[in-house]
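Peer 1: Pasting a structure below so you can have a look.
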2 protein chains.
Amino acid sequence: MAVYTDVPPEELEAFLSTYELGRLRAFKGIAEGVENSNFLLQTEAGSFILTLYEKRVNPDDLPFFIGLMQHLANRGIDCPQPVRNRDGVALGRLAGRPALIATFLLGTSVRRPSVANCAALGTALAGLHQAGADFTAFSRVNALSVVGWRPLYEQAESRADTVAPGLAALIADELSVLEPGWPVGLPAGVIHADLFPDNVFFTDDRLSGLIDFYFACNDTLAYDVAICLNAWCFEADGAYNQTKGRALLAGYQAVRPLSPAEIAALPMLCRGAALRFLLTRLVDWLNVPPGALVRPHDPREYLRKLRFHRSVESVRDYGVDA
Amino acid sequence: MAVYTDVPPEELEAFLSTYELGRLRAFKGIAEGVENSNFLLQTEAGSFILTLYEKRVNPDDLPFFIGLMQHLANRGIDCPQPVRNRDGVALGRLAGRPALIATFLLGTSVRRPSVANCAALGTALAGLHQAGADFTAFSRVNALSVVGWRPLYEQAESRADTVAPGLAALIADELSVLEPGWPVGLPAGVIHADLFPDNVFFTDDRLSGLIDFYFACNDTLAYDVAICLNAWCFEADGAYNQTKGRALLAGYQAVRPLSPAEIAALPMLCRGAALRFLLTRLVDWLNVPPGALVRPHDPREYLRKLRFHRSVESVRDYGVDA
């Protein structure tokens, strides 16, 4: 749920006049993304999404995000394509904020991904990794990889057990394993890093778009796979669905086969991915202002996923041959 | 800011399959209205707004609201037209709530109405009153007219002076004038009762749509004019703009001339309209949960308007000939 900024119509008109998009036909705030204000913008030229970057986004990262979307769109990835103004510039300014107009993607997200959805997601993720391989104009460090986890833990440590008994000790134990054992030297490149079902659109079971590149960064490609196994392949009751995992991994490998080292690292990468979302959700959960309308995601969902990964004995448990 | 209810995609598909709208192409929560959840719905048949009625709307009122929109649309008023399902029924049920699909109106609302906007609004309001004259299938009492004000005052009385010194006494004084002196016997019919600038769309200065009929009711027509004078004809600094008032009233009278009795009643109706919004805003303002993301409207805006109306010496001050 978003829409934080109110856009005065006069400012919108002035902003739009710097683009070749014709006249305004409709404009509505939409609930998409959580970091920024997003609007449906309809003009004589078609439908677009206008994004105003709010304070949680570092303006220094915008050239990376916008350049990446442009790069991926140029390579045929179904993602929002930044629209340039008459001066050839995509990043503008509106209502006192950095602003971007991008193309509107058709499709809707799925709540409970099917096996076919997981296969399509795996294929799209591999395509994204391949298309991003030569995006070198900008780079962005992943602040939410292994070195970022202990500071989050320290913010939550004293109150973690109010969310689940023993949680602080479990996270400390996890960190003691992941920090020294985190896989290094695996193939790296641009990763999406947040490719949850609500950031993927389907039209009649065909994957029609990937959105929300605002966690994208340079990191280990297989870590992106691990994030998706966490986000797509667990059932509502907390059980890992090996059929979906197998489909996701097979879909991925049909485009970009994983090396033996990447496959061997999957259990550790999946533990790390589960811990990353457990930690950010835990910090958000412990810091909800009273009376807030937006309820954060339950961190315990990722605690259950982490427990599954700790119980895994072989990569075969994920649905891939060792 | 709205979007309260999450719609499971599977339920949406099942719901849509009862309509002749073809396949789903896009679905996004939008920030429109404050009482209900609204979504942009794009299908093969075009763009629509899906509304889920939340608990602040009385389900018993829905036949009035939906019947009225259908009636007005049939008479050529640019308002959302309810879409019937295959069984010929407009009101459905989705995500455990009453649900309506209506046509999507092009246009955008204005923040600072121009004189031309006010003239167009007046004309549209009179058209609405005329088109609603033979809507007799359902009726709805205005709970926020004069008999509803004292209960609101009693909710706010003890803390009113924390908002503005002397406010409780001023409201009490106003009620002592309005309750015995409220105009009766003027022409009545269906009124919109909430026709603020954000409920009116324009396309290139042409009024292209009226939305949000969820305060509509049967009441004095000239009271609707008074609500609009309050909502459209004051400047940001609190001053009444007589040129805008004159334009609104002339636009209205070009379609439906006001009787001498209606004109004579305008100052009292304007005071009542100002008090009505002052009171509801005051109650909302005093009952904001701490940390809430949605800030209510400032009641003092309507206190300033009320003070203007108390100072009026003649209807000529509004821009109309006595």
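The values are calculated or read from the model by the stated rules, or taken from the named source; none is laboratory data. Everything quoted here is computed from the prediction, not taken from an experiment. Every residue, glycine as well, gets a Cβ built from its backbone with ideal geometry; the counts of neighbours run over all protein chains shown. To get the accessible areas, we keep the full protein, side chains included, count just its heavy atoms, and leave off ligands, DNA and RNA. Shrake-Rupley method; radii C 1.70, N 1.55, O 1.52, S 1.80 Å.
Peer 1: Provide the gained length on full extension for the span A:Ala116 to A:Glu44, in nm with one decimal, where the gain is 0.36 nm per separating residue minus the Cα-Cα distance.
Peer 2: Gain on stretching A:Ala116 to A:Glu44: 22.3 nm.
Peer 1: While we're here: What percentage of all Cα-Cα pairs in the protein assembly as shown are separated by more than 46 Å?
Peer 2: The answer is 27 percent, as a whole percent.
Peer 1: Moving on. Just to verify a number: FRET efficiency for A:Asp61 and A:Ala95, C-beta to C-beta distance, R0 = 22 Å, to 0.05?
Peer 2: Values: r = 20 Å, r/R0 = 0.89.
With a Förster radius of 22 Å, E is 0.65.
Peer 1: While we're looking at this one, here's another question. Determine the total buried accessible area between chain B and chain A, counting protein heavy atoms only with a 1.4 Å probe; round to the nearest 100 Å².
Peer 2: On the way: alone 14910 and 14910 Å², together 26780 Å².
Result for this pair: about 3000 Å² buried.
Peer 1: What percent does the relative contact order of chain B come to when contacts are Cα pairs within less than 8 Å and at least six residues apart?
Peer 2: Relative CO of chain B lands at 17 percent.
Peer 1: Same structure, new question: Quick check: pseudo-label points 7 Å beyond the Cα along Cα→Cβ at B:Arg159 and B:Arg84, how many nm apart are they?
Peer 2: 4.8
Peer 1: Strictly greater than 24 Å: what percent of every Cα pair in region B:9-103 meets that?
Peer 2: 15
Peer 1: Modelled label-to-label distance, B:Asp173 and B:Gln242, 7 Å Cα→beta-carbon offset: nm?
Peer 2: Inter-label distance under the simple model: 2.4 nm.
Peer 1: I'd like the trypsin sites (Lys or Arg not before Pro) in region B:100-191 restricted to DSSP loop residues with at most 15 other Cβ atoms within 10 Å, sorted by number.
Peer 2: Counting only loop positions with at most 15 other Cβ atoms within 10 Å, the trypsin sites (Lys or Arg not before Pro) in region B:100-191 are B:Arg111.
Peer 1: Please tell me the relative contact order of region B:59-204 in percent, rounded to the nearest whole number, where contacts are Cα pairs under 8 Å and at least six residues apart. Display every interim value, and only then the final one.
Peer 2: Details: 115 pairs, mean separation 43.8, N = 146.
Relative contact order, region B:59-204: 30 percent.
Peer 1: Ok, one more. Take A:Arg206 and A:Arg307, extend 7 Å from each Cα along the Cα→Cβ direction, and tell me the distance between the two endpoints in nm.
Peer 2: It works out to 4.2 nm between the two label points.
Peer 1: Right, next: Please report the net charge: other residues with Cβ closer than 11 Å to the Cβ of A:Ala193, K and R +1, D and E -1.
Peer 2: -2
Peer 1: I'd like to verify something in chain B: which complete DSSP H helices, judged by Cα projection on the helix axis, reach 30 Å or more and average at least -1.0 on the Kyte-Doolittle scale? List each step's numbers first, then the result.
Peer 2: Details: long enough: B:260-286 (39 Å, 0.96).
Those that clear 30 Å and a mean of -1.0 are B:260-286.
Peer 1: Same structure, new question: Is there a simple number for the mean count of other chain Cβ atoms within 10 Å of the Cβ of residues in A:15-27, and what is it?
Peer 2: Averaged over the peptide's residues, the number is 2.
Peer 1: Can you compute the FRET efficiency between A:Val147 and A:Asp321 using 1/(1 + (r/R0)^6), with r the Cβ-Cβ distance and R0 = 30 Å? Round to the nearest 0.05.
Peer 2: Details: r = 32 Å, r/R0 = 1.07.
For A:Val147 and A:Asp321, the calculated efficiency is 0.40.
Peer 1: Which whole-number percent is the relative contact order of region B:9-103 (Cα, under 8 Å, 6+ apart)?
Peer 2: Averaging sequence separation for qualifying contacts and normalising by length gives 26 percent for region B:9-103.
Peer 1: Tell me, in nm to one decimal, what length is gained between A:Phe196 and A:Asp284 on full extension, where the rule is 0.36 nm per residue of separation less the Cα-Cα distance?
Peer 2: Details: separation 88, 0.36 × 88 = 31.68 nm, distance 1.78 nm.
Fully extending the segment from A:Phe196 to A:Asp284 adds 29.9 nm.
Peer 1: Moving on to the next point. Any idea how far the Cα center of region A:131-170 sits from the one of region A:20-94, in Å?
Peer 2: Centre-to-centre distance over Cα atoms comes out at 28 Å.
Peer 1: Taking amide hydrogens as modeled 1.01 Å from N in the peptide plane, which residues meet the under 5 Å criterion relative to B:Val83, leaving out close sequence neighbours?
Peer 2: Those qualifying (amide H under 5 Å, at least 5 residues apart or on another chain) are B:Ile101, B:Ala102, B:Thr103.
Peer 1: So which aspartates and glutamates can B:Lys305 reach, going by Cα to Cα under 15 Å and dropping same-chain residues fewer than 8 places off?
Peer 2: Answer for B:Lys305, where 15 Å is the Cα cut-off: B:Glu174, B:Glu235, B:Asp237, B:Glu313, B:Asp317, listed by chain and number.
Peer 1: Based on the alpha-carbon set only, what is the convex hull volume of chain A divided per residue, in Å³? The partial results should precede the final answer.
Peer 2: On the way: hull volume 44.4 nm³, N = 322.
Looking at chain A, the number lands at 138 Å³ per residue.
Peer 1: For the charge dipole of chain B, defined by +1 on Lys and Arg C-beta atoms and -1 on Asp and Glu C-beta atoms about the Cα centroid, which residue among B:Pro63, B:Leu121, B:Phe215 has the Cα displaced farthest towards the positive pole?
Peer 2: Working it through, the farthest residue towards the positive pole turns out to be B:Leu121.
Peer 1: A follow-up question, please. Could you tell me which of the pairs A:Lys55/B:Lys55; B:Lys28/B:Lys244; A:Lys28/A:Lys244; A:Lys28/B:Lys55; A:Lys244/B:Lys28; B:Lys28/B:Lys55 are separated by over 29 angstrom between their Cα atoms in the structure shown?
Peer 2: Those over the limit are A:Lys55/B:Lys55; B:Lys28/B:Lys244; A:Lys28/A:Lys244.
Peer 1: Going from the alpha-carbon gyration tensor of region B:143-285, what semi-axes, largest first and in whole Å, does one get by taking the root of 5 times each eigenvalue? Write down the numbers at each step before the final one.
Peer 2: Details: eigenvalues 137, 66, 45 Å².
They are 26, 18, 15 Å, listed from largest to smallest.
Peer 1: Could you give, in nm with one decimal, how far A:Lys55 is from each other copy of that position, shortest first, with labels 7 Å out from Cα toward Cβ?
Peer 2: 3.3
Peer 1: Sticking with this structure for a sec: What nm distances, shortest first, do you get from the label point of A:Pro257 to those in the other copies when the point sits 7 angstrom along Cα to Cβ?
Peer 2: Ordered by distance, the counterparts are at 8.9 nm.
Peer 1: Can I ask one more? Using all alpha carbons of region B:37-177, what is the percent of pairwise distances in each 5 Å bin, ordered from the shortest bin to the longest?
Peer 2: Percent of pairs per bin, in order: 2, 8, 12, 14, 14, 14, 14, 11, 7, 3, 1, 0.
Peer 1: Turning to a different aspect of this structure: Using only Cα atoms, locate the centre of region A:228-286 and the centre of region B:171-206, then give the distance between them in Å, rounded to an integer.
Peer 2: So the separation of the two Cα centres works out to 58 Å.
Peer 1: Right, next: For label points placed 7 Å from Cα toward Cβ, what is the shortest-first list of nm distances from B:Asp204 to its copies?
Peer 2: Sorted ascending, the copy-to-copy spacings read 3.6 nm.
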